[in-house]
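Below: one structure, written as structure tokens.
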Amino acid sequence: MLLTMAKSITNFSTYSNCYCHSNEANYTKPRNCFFFFRQSSRKCLLSSNLDVPRSTRVDVSAMLDEMSQICEVGDLRNAVELLRMSQKLELHLNTYSSILQLCAEHKCLQEGKMVHSIISSNGIPIEGVLGAKLVFMYVSCGALREGRQIFDHILSDNKVFLWNLMMSEYAKIGDYRESICLFKKMQKLGVTGNSYTFSCILKCFATLGRLGECKRIHGHIYKLGFGSYNSVVNSLIAAYFKSGGVDSAHKLFDELVDRDVVSWNSMISGCVMNGFSHTALEFFVRMLILKVGVDLATLVNALAACANVGSLSLGRALHGHGLKACLSKEVMFNNTLLDMYSKCGNLNDAIQAFEKMGQTTVVSWTSLIAAYVREGLYDDAIRLFYEMERKGVSPDVYSITSVLHACAHRNSLDKGRDAHNYLRKNNMALSLPVANALVDMYAKCGSMEEAYLVFSQIPVKDIVSWNTLIGGYSKNSLPYVALKLFAEMQEESRPNGITVVCVLPACGSLAALNIGRGMHGYILRNGYSSDLQVANALIDMYVKCGSLVHAQLLFDRISEKDLVTWTVMIAGYGMHGFGNEAIATFQKMRIAGIKPDEITFTSILYACSHSGLLNEGQEFFDSMIREFNMEPKLEHYACMVDLLARTGNLSKAYKFIEKIPIKPDATIWGALLCGCRIHHDMELAEKVAEHVFDLEPDNTGYYVLLANIYAEAEKWEEVKRLRERIGKQRLKKSPGCSWIEVQGKFTTFVSADTAHPQAKSIVSLLNNLRIKMKNEGYSPKIKYALINADDGEKEAALCGHSEKLAMAFGILNLPPKRTIRVTKNLRVCDDCHEMAKFMSKTARREIILRDSNRFHHFKDGFCSCRDFW
């Protein structure tokens with residue numbers, strides 16, 4: 001009847017004024033539209049049958065039938081309009097439910113709210129099916145809060161499907177705890193869950209890592225008879241894996257008789273997730289043998305396992321299988337394939353996989369950026385990041401993190417700052433991984449102020465945050481700050497093995513043996529001593545603190561030594577002047593089947609240099625090229641120049657530099673300049689100095705070195721000229737200082753230090769020692785005073801050198817027979833070296849002095865360097 005009426009109406013204006021056109025594109029367009037007559041009163045025809053003549057009254061029964069037909073064909077627009085016009089009529093609850101169902105399907109929240117309003121205005125109780133439909137409508141339209149209000153209102157009438165709906169929606173938005181609360185309330189009210197209930201709640205428990213809850217639900221599931229439901233058991237397997245119950249997951253799978261592809265996928269993905277990628281591939285092979293059909297999820301998980309174990313051949317086979325299965329257009333498959341090739345070290349295939357992708361996502365770009373970083377191609381990684389931005393792909397936290405790692409390794413502070421600014425401009429929250437990556441980038445680029453600023457803004461710091469900053473201070477020559485931060489960390493977080501590895505270098509830098517021993521005790525108490533990385537760091541600490549005996553004992557106790565272990569010990573012997581022992585250790589390493597790398601060769605060449613082993617050093621340099629096919633780098637050439645120069649072969653060293661195939665840097669020329677000072681070759685020193693000044697015009701140390709050569713030759717006019725040049729260029733000389741650790745506290749001295757409380761006692765002791773030295777026929781080496789003055793002033797200046805003051809302080813304050821350990825930031829002079837030998841003999845003390853070049857062990861009037869340093 002209404003359809004017939006609608007066909008005769010041609011005035012569309014009233015309809016267009018009465019209906020809201022929002023979300024029009026989502027509606028199914030009807031063949032016929034419903035309209036009503038325009039009347040001066042603006043009242044709709046169907047609003048009341050009593051307001052119109054009998055001839056125009058609408059048959060309500062027919063209207064309801066027509067509304068039912070409209071709902072059946074999914075015509076939400078006309079259904080809502082007809083309901084609005086007939087809102088005062090008594091409609092069947094099914095009619096409201098049908099329209100609410102349409103609102104839910106079309107995600108039309110505005111229309112759903114209007115229906116809700118009509119129901120409420122008509123005084124219709126919201127309960128039973130109608131209440132459930134309202135909850136479903138609101139939740140489907142994304143209005144979870146409104147849906148929850150109605151849900152709580154009809155709580156006693158709620159069926160299991162509504163509980164499932166609400167739990168699922170909370171889980172979707174990441175509010176797993178609220179899902180769990182609903183589940184517990186459901187149990188308390190006696191509502192029995194179904195398979196969907198348990199699948200959902202298991203995912204919540206798994207995500208929160210609640211293994212105990214998973215086990216409790218496991219028993220509940222079997223009591224209710226859901227143990228035979230594959231969907232539930234598969235969810236239980238996945239839950240055990242996610243919460244760390246690997247053995248329970250395996251047991252469940254073994255007991256499952258009717259395994260489907262999801263069961264197998266759960267096992268493969270679970271094993272990969274928990275670091276058992278080899279086991280995951282075994283499950284995959286078993287799956288193939290049993291001819292279980294694989295799907296996209298199977299291949300993606302298997303490719304991830306291949307990536308983790310580096311199985312390129314199997315990865316290629318899976319690639320081929322994916323192509324045959326027509327998965328080449330699946331973004332997830334392509335992204336995992338790219339990642340597999342990258343992690344298996346095949347960058348070319350990773351690039352090809354990327355280029356063949358029909359559709360790339362931020363995950364694709366991030367995987368390729370990470371691949372470049374993994375291969376050490378940091379510039380390419382940074383370039384790719386900017387290309388991704390130009391292509392309109394917005395970086396996410398993972399791509400930002402990857403490019404920050406590239407900037408850190410490339411020491412590209414400016415580009416790292418650009419990435420940080422991108423985060424700020426786009427209001428991207430600094431998640432903990434990104435914040436840690438920023439701290440790492442700034443620390444590795446040497447900007448510790450910016451690193452600390454980011455660190456201070458992290459609301460809840462984890463162990464990585466602390467370790468990164470402590471390691472940064474340690475590596476940037478700020479060991480005091482590193483140790484201070486370590487003390488602060490222990491108030492908030494428990495250190496781990498990596499923390500120890502970060503702190504020990506700080507102890508080594510300061511030669512803080514007592515603190516280092518305390519760290520060793522902490523390592524033993526907490527069971528970190530079996531960690532090879534920790535053991536290597538301990539050896540290095542003892543070496544740099546001058547306790548070579550302890551380093552050797554630790555070294556001997558390590559049964560499975562790696563290359564780092566051997567290299568640290570070789571470098572340690574070299575630093576202490578025991579070149580022959582370093583060579584013997586190198587030979588033992590080769591017998592053990594360990595192949596040396598470039599760092600090992602640097603260490604052994606350094607050891608030869610500081611022990612004057614010219615022939616041996618030359619042999620190692622030649623074998624590096626001939627036997628190991630390594631191309632020497634600047635540091636290896638620098639060691640050879642230093643070796644030649646120290647042994648007096650200055651002209652050979654100069655010719656060697658001229659033949660170097662790469663441009664020599666200031667370190668190489670500086671090594672020769674040091675040799676010129678040792679052997680007093682002023683003419684060659686002037687020639688070499690010009691090369692050094694051209695390469696590093698702002699390095700004050702080289703100007704001072706040349707000035708010292710002039711001073712030793714008493715060329716005071718040249719000394720004056722150099723000092724004026726330093727002043728004009730506004731260069732600052734690093735002041736010489738020495739420090740000593742007594743009872744866990746450091747005392748630092750500078751030359752002619754008179755501010756110390758024990759200054760008078762220290763000077764008195766040194767004067768008495770110098771008198772004794774003169775009585776025994778020793779004359780001060782006044783040329784090392786490096787000042788233009790009379791002999792008395794020069795002698796007084798020598799007496800005030802910082803290392804002498806520190807050694808005297810040690811004699812006065814340390815118990816008898818206790819070893820005196822002093823560290824100096826510059827090279828020890830000859831006069832202080834002689835004084836140290838005499839002190840060790842007179843005071844019957846062993847004195848270990850570490851200067852900027854090496855260690856000197858003074859005992860009974862002799863030094864381990866044999867006066868060669």
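For this structure, a couple of remarks:
- Failed item in (1) on the phi < 0 side of the Ramachandran plot; (2) outside any strand (DSSP E or B); (3) at pLDDT 90 or above, with P816 passing the rest: (3)
- For the range 541-580, the candidate set comprises residues that are of a type in the set (D, E, K, R) and under 19 Å from I594 (Cα atoms); within that set, the residue that is surrounded by the fewest Cβ atoms within 10 Å (Cβ to Cβ) is E560.
- Within the range 842-869, tally of residues that are loosely packed, with under 15 Cβ neighbours inside 10 Å and part of a helix (DSSP H, G or I): 0
- Leading residue by the ranking (nearest to I201 (Cα to Cα)) among those in the range 145-162 that are buried (at least 18 other Cβ atoms within 10 Å of the Cβ) and modelled with pLDDT of 90 or more: L162
- Which numbered condition H680 misses (of (1) modelled with pLDDT under 95; (2) touching a Leu at 6+ places or on another chain (Cβ under 7 Å)): (2)
- Qualifying position, being in contact with a His (Cβ under 9 Å, 6 or more places away or on another chain) and more than 19 Å from M167 (Cα to Cα), among S243, S248: S248
- The range 156-204, residues that are free of Cβ contacts under 8 Å to residues at least 24 places away in the same chain, more than 21 Å from E127 (Cα to Cα) and either among the aliphatic types (A, V, I, L, M) or part of a loop (DSSP other than H, G, I, E, B) (or both): G174, D175
- V129 passes every criterion in (1) surrounded by fewer than 22 Cβ atoms within 10 Å (Cβ to Cβ); (2) modelled with pLDDT of 90 or more; (3) among the aliphatic types (A, V, I, L, M) apart from (2).
- Pair list, Cβ under 7 Å, 6 or more apart: the range 796-812 residue in the same structural domain as S852 (by TED's automatic domain parsing), other residue among the hydrophobic types (A, V, I, L, M, F, W, C) and modelled with pLDDT under 55: A797/A785; A797/I787; L798/I782; L798/A785
- Taking the listed residues L438, L423, the one that is assigned to a helix (DSSP H, G or I), at pLDDT 95 or above and either surrounded by 15 or more Cβ atoms within 10 Å (Cβ to Cβ) or in contact with a Cys (Cβ under 6 Å, 6 or more places away or on another chain) (or both) is L438, with no other qualifying.
- Residues of the range 325-355 satisfying the condition of being of a type in the set (K, R) and either in the same structural domain as V393 (by TED's automatic domain parsing) or modelled with pLDDT of 90 or more (or both): K343
- Of all residues in the range 536-563, exactly one satisfies the criterion of being among the acidic types (D, E), farther than 22 Å from L849 by Cα and assigned to a helix (DSSP H, G or I), namely D556.
- Selected residue [of a type outside the set (A, V, I, L, M), in contact with a Pro (Cβ under 7 Å, 6 or more places away or on another chain) and outside the structural domain of R854 (by TED's automatic domain parsing)] from S530, S509: S509
The values are calculated or read from the model by the stated rules, or taken from the named source; none is laboratory data. Just so it is clear, the model here is predicted, and its values are computed rather than measured. Glycine gets a Cβ as well: all are built from the backbone with ideal geometry, and neighbour counts include every protein chain shown.
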